[in-house]
Amino acid sequence: MKSPLLSLPGAVPGEGPDEGVAAHYGDLFREQRALADGTGFVDLSHRGVVTVSGADRLSWLHLLLTQHVSELPPGRATEALILSAHGHIEHALYLVDDGDTTWAHVEPGSQGDLIAYLESMKFFYRVDIADRTDEYAVVHLPAGSITDSPEDAVVRETPHGRDLFLPRERLTAFAEESDPPIGVLAYEALRVEAHRPRVGLETDHRTIPHELGWIGSAVHLQKGCYRGQETVARVQNLGKPPRRLVFLHLDGSEVTLPSHGAPIRLASDGEEGRQLGFITSSARHHELGPIALALVKRNVPVDADLIADSTAAAQETVVEP
């Protein structure tokens, strides 16, 4: 879905999973600084929007999600995962309930598969599942923003800012009434700085929640059964995850950033050494310079110097080995 805000002056289209919205509006670092200072807004209208309504919505979602949502109060934001039978991450849902309907935004283009799964699990529960992507656009306001939330928007407030589920036909008017727009590259740089994982970038077909630090924030360890819970409980109680998320400070002298999937090796082994992981996300930060998130084998020493392709990388621990 192509955002109408791509017609704004200076807009450069995003690529990959963020195709359809602006990567930036001409000045990446200025946009990052504005976002970090609590000004501006980010057009995330390419993200999928799914709603669940009906009297049983929260108790039913509680059976399917990794998060405790059976008693979720109206207006309280949370996040949750849907796992495979083997405990691998399939979807991340960013949720809020308005008292009548549970709203979630998800990765661009993933809402169809998510809804198909949810529909298959309805049985006799009083729930109604809907794809609202054509009707609602997601807009992000950073923490500290003094921009008013429109009355016709559903608001999901988190420590990182407010996510608005805004009627799509109001998107252009909202942009005209609000602070200057911020591209998704600035939003992503601050996400990487905050060590926040993203499905499809920090995950592959075998990623489990422990590897990314999603235990607690998206996975509740004291709730009832859900698909994949056996793996979660086994790793939590009896073992360690095979991989762990790390934050990388990259060599700032390099012209290009290592791309998603770039191999991680020990610096001492050189570019022909054994691969120990891969880059999941990389960004140029307005203060930290080139940074990245990577998924590496659990036994990689926490103080080891690494290389991503040919780029030197110093690691910070996100998930303990």
Give me the 1.4 Å probe accessible area per residue for the chain, excluding ligands and nucleic acids, in Å².
44 Å²
Over the chain, what is the relative contact order in whole percent, taking alpha-carbon pairs under 8 Å and six or more residues apart?
18 percent
Straight-line reach only, C-alpha to C-alpha below 28 angstrom: list the lysines that LYS297 could link to, leaving out same-chain residues fewer than 8 apart.
LYS240
For region 207-252, rounded, prolate or oblate, judged on the Cα gyration tensor with a ≥ b ≥ c (square roots of eigenvalues), a/c < 1.5 rounded, else prolate if a/b > b/c?
prolate
In terms of Cα to Cα distance under 30 Å, which lysines are near enough to LYS122, apart from those fewer than 8 places away along the same chain?
LYS223
For region 235-321, give the magnitude of the charge dipole about the Cα centre (Cβ charges: +1 Lys/Arg, -1 Asp/Glu; no others), in debye to the nearest 20.
500 debye
Quick one: dipole size for region 35-166, taken about the Cα centre, charges +1 on Lys/Arg Cβ and -1 on Asp/Glu Cβ, in debye to the nearest 20.
340 debye
Among LEU306, LEU171, ALA137, which residue has its Cα furthest toward the positive end of the charge dipole of the chain, with +1 on Lys/Arg Cβ and -1 on Asp/Glu Cβ?
LEU306
Name the residues whose placed amide hydrogens come within less than 5 Å of the amide hydrogen of LEU83, ignoring near sequence neighbours (fewer than 5 apart) on the same chain.
GLU90
Which of the trypsin sites (Lys or Arg not before Pro) across region 1-36 are loop residues per DSSP, with 14 or fewer other Cβ within 10 Å?
LYS2
List the GluC sites (Glu not before Pro) in region 60-137 that DSSP assigns to loop (not H, G, I, E or B) and whose Cβ has at most 15 other Cβ atoms within 10 Å. Which are they?
GLU71, GLU135
Simple spin-label estimate for ALA267/ASP56, 7 Å along Cα→Cβ, in nm, reads 5.7 nm
Segment THR158-ALA304, extension gain: residue separation times 0.36 nm, minus the distance between their alpha carbons
49.1 nm
Which value, in debye to the nearest 20, gives the size of the charge dipole of the chain about its Cα centre, when Lys and Arg are +1 and Asp and Glu are -1 at the Cβ?
1080 debye
With every protein chain left in place, what is the accessible area of ASP309 in Å² (1.4 Å probe, nearest 10)?
70 Å²
Counting only complete DSSP H runs, which helices of the chain cover 18 Å or more along their long axis at the Cα atoms and score a mean Kyte-Doolittle of 1.6 or above?
none
Out of VAL246, PRO258, GLY20 - ranked by how far each Cα lies towards the positive end of the dipole of the chain, with unit charges on the beta-carbon of charged residues - the top one is VAL246
What order do SER178, SER120, SER268 take when sorted by accessible area (1.4 Å probe), most exposed first?
SER268, SER120, SER178
Tell me whether the chain comes out rounded, prolate or oblate; compute the Cα gyration tensor, take square roots of the eigenvalues as a ≥ b ≥ c, and use a/c under 1.5 as the rounded threshold.
oblate
Charge dipole of the chain about the Cα centre (unit charges at C-beta), most positive-ward option of GLN67, ALA194, THR39:
GLN67
Anisotropy class of region 1-98 from Cα gyration tensor, a/c 1.5 cut
prolate
What does the charge add up to near GLY40, with Lys and Arg as +1, Asp and Glu as -1, over the other residues with Cβ less than 12 Å from its Cβ?
-3
If you take the alpha carbon radius of gyration of region 126-250 and divide it by 2.2 N^0.38 Å, what ratio comes out, to two decimals?
1.33
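The values are calculated or read from the model by the stated rules, or taken from the named source; none is laboratory data. The structure presented is a predicted model; accordingly, all values stated were derived computationally and were not measured. With ideal geometry, Cβ positions are generated from the backbone for all residues, glycine too; neighbour counts draw on all protein chains shown. The area values use the complete protein model at the heavy-atom level, side chains included, leaving out ligands, DNA and RNA. Shrake-Rupley method; radii C 1.70, N 1.55, O 1.52, S 1.80 Å.
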